Amino acid sequence: MEEKTYKTMGGAGALNIAVGVVALVVGAASGVLLLISGAKLLAGRNKILF
């Protein structure tokens, strides 16, 4: 019984690490895209005429 628990915990730990890495990469990529688009919006606001 202890061996099964040990293997289950190992698999869950590996899965948590993998999901954490994916979340980190996706978060960093979306942050960079938001910064770039925000900078473009701020730079282009001088060209708007009302």
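Counting only protein heavy atoms and using a 1.4 Å probe, what share of the accessible area of the chain belongs to carbon plus sulfur, as a whole percent? Numbers along the way, then the final one.
Details: 3600 of 4790 Å².
Carbon plus sulfur share of accessible area: 75 percent.
Skip the ligands, DNA and RNA, and give the accessible area per residue of the chain with a 1.4 Å probe, whole Å².
Per-residue value: 96 Å².
Could you check the simple spin-label distance between residue 28 and residue 16, using points 7 Å along Cα→Cβ, in nm with one decimal?
2.2 nm
The values are calculated or read from the model by the stated rules, or taken from the named source; none is laboratory data. Note that the coordinates shown come from a computational prediction; the quantities given were computed from them, not determined experimentally. Every residue, glycine among them, receives a Cβ derived from its backbone with ideal geometry; neighbour counts consider all protein chains shown. Heads up: the accessible areas ignore ligands, DNA and RNA and are worked out on the full protein's heavy atoms, side chains in. Shrake-Rupley method; radii C 1.70, N 1.55, O 1.52, S 1.80 Å.
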